[in-house]
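Here the structure is laid out as structure tokens; the discussion comes afterwards.
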Amino acid sequence: MESRKFKIRNLIMKPKTAGSKTTGVRYMLLTAVVVLSLASCATPMQLAERAFASGDYNAAVVNALQALEKEPGMTEAEQILYDAWMRANEEWQAGVERYEDAKAVWEAEKALPFYDKLIHLHTLLKNARRVDFSPDPDKIREQRDAVVDRLVEMHVFEASRLIVPGTRDEALIALDHILRARELNPDYPFIDNKVKQIQELATAKVFVFTGPEGDVTLNGTEIVPAIENGLERLDGVRVIRVKNRYAAPIDDNYKADEFAIGHGANLMLHVEPATRRSVEVEKNFSPLSGAPWGRETLTLKASATTDIRYVLINLETDTRVSEGTFTVSASDNGGFSVSAILHQGEKRQVDLGGDTGFRSLLINRAPVGMSELTLRYQLKIYDGIDVNDYATASTLNLSAALYGTWEKIELDEYSHPAELARITDLRDHTFWLFDAIAYDAYSD
């Protein structure tokens, strides 16, 4: 052992090489190993002395008893055992006396950790059969049980006092008391019923309504349910849902608070949105592989940004709990886009009929040296474009867009532009002839 200590001492004193990070890391690891090795070499007697010096009397007793097992009658171990026993009983009993008779329940609870330490100490010496110390863990346990019974009664009393008549804030405090009472004594009479009763009183019952906004339905058919669904995911919250709700500015709620109270709410969340909307067309150009032309894809992107002012009101105290503004933004293209083969061909005069007369139309003709059949094949293989017989590369054949069933789409059948989004067959459709008809301001 002496030779080992000498080697360890030399290793610790050895300086690390300057500028060597690896050597420094090794030195730190080696130091940690040395410290652990020295700790593992400590005898139970040494560990008992260290524990006693740090005030860990139970650990001092455990190590002193281990030392006496190895060497019965060791004077030093007996002395540590006696000193730890006397000091622990004196200090921990003083802690018990300081707190157990406190009038405030949470203050009185501070006696329990001292009881637990005393029970552990007496159990250690009883199991070691040290009758000379007269250990009596059962007696201390009885004293602790009596204190626990008193604490349970105090918690139940405080909980009952706070809920009559009581606000929700007081019910939250009462809930802490009754849950602690059940934790200390799960068999207390009707404790589960009392917990449910107080949980109901402590539940936040929120009524949500919105202020008017031009872009949003007055009764908030979209924003209010979204907020309600989010609130219902929170513990201890219940949403008061009603069919008819107010839509009023935050600064003048037109007695919406009375309406909320009448429906059992104790909190009211009033939101007032202001929305900005925009629609953009995103263009993307990509060259075709099957022909010396290009394809332009148009994607419609709708965006909206809403600034939501909110006020949370405690209806029981008629006070504002919090207020502020937050912003929500969203954008979507609905997966809807169309594309067109850009005009690379000649200009033709097309008679559109009626009063419109002739107009110019750019068309794509098959490139020089490429047959129509080759063009169709290459566009299909390399670009995924099917050229239908009704609109070829060499003939001018105007045709309305068709459904996937080849049924003609009559756009005037739709009463509102939003209904056009239902034509899902047009998604990712490539138009062979593009609407590049020349026009003038007088007739078109």
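The table below gives the values:
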| quantity | calculated |
| --- | --- |
| Area of Val237 that stays accessible when all protein chains are in place (1.4 Å probe, Å², to 10) | 40 Å² |
| Residues in the range 111-135 reached by a label modelled at Asn58 [backbone nitrogen below 11 Å; 7 Å Cα→Cβ] | 113-124 |
| Computed FRET value (nearest 0.05) for Lys283 with Val237, which takes r as the C-beta separation and R₀ as 35 Å | 0.15 |
| Area of Met45 that stays accessible when all protein chains are in place (1.4 Å probe, Å², to 10) | 20 Å² |
| Volume of the Cα convex hull of the range 84-185, divided per residue and given in Å³ | 88 Å³ |
| Contour minus Cα-Cα distance for Ala304 and Thr319 (0.36 nm per residue) | 2.1 nm |
| Approximate spin-label separation Val328-His263, in nm, with each point projected 7 Å along Cα-to-Cβ | 1.8 nm |
| Label-reachable residues, the range 287-323, where backbone N falls under 20 Å from a point 7 Å from Lys380's Cα toward its Cβ | 288-293 |
| Estimated inter-spin distance, Glu372 and Glu296, nm [label 7 Å along Cα→Cβ] | 2.6 nm |
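The values are calculated or read from the model by the stated rules, or taken from the named source; none is laboratory data. Everything quoted here is computed from the prediction, not taken from an experiment. All Cβ positions, even for glycine, are placed from backbone atoms using ideal geometry, and neighbour counts span all protein chains on display. SASA here: full protein model, heavy atoms, side chains in, ligands and nucleic acids out. Shrake-Rupley method; radii C 1.70, N 1.55, O 1.52, S 1.80 Å.
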